[in-house]
Amino acid sequence: MRIGIHFICRDDTGVSVLENGHFESRAWRVATSTAKAAEYIALHQRQGEPSYRQGRVISFRRDAKHANRYVFVCQPDEARMLWPGPTRGGPTMVINRGGLRP
């Protein structure tokens, strides 16, 4: 079973593409146990839409400006993922325990 975190992240806000091709996405408020367990993250423009950026979590760290938030460094994956949560008025973050793909 793959555990991942899906975030609403419009227009790559807080995303940096690194020289090695990896990307980093910051500053997400998640529990430390969730950050440790996450195998991937997927970024979505809106609920109900496939992800536009996704990848395997290589590392994570606390954000320097926000101690209660995390930065994830990921190896990109081209396979887009479905939003696994409610599509109307639901949360902006969903923890997925299955790795749904379109």
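Numbers for the structure displayed
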read-out	value
Cα lying deepest toward the dipole's positive end in the range 4-96, options V94, L43, N68, charges on Cβ	N68
Cα centroid separation, the range 69-83 to the range 7-25 (Å)	8 Å
Sorted largest first, extent of the range 11-60 alpha carbons per principal axis (Å)	30, 26, 17
Over the chain, volume per residue of the alpha carbon convex hull, in Å³	95 Å³
Under Karplus coefficients 6.51, -1.76 and 1.60, residue-wise ³J(HN,Hα) of the range 79-96 in Hz, glycine/proline x	6, 5, 10, 6, 6, x, x, x, 10, 9, x, x, x, 9, 9, 9, 8, 10
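Here, each number is a calculation from the coordinates, and none is a lab measurement. Fair warning: this is a prediction, and the values are worked out from it, not measured in the lab. All Cβ positions, glycine included, derive from the backbone under ideal geometry; neighbour counts span all protein chains shown.
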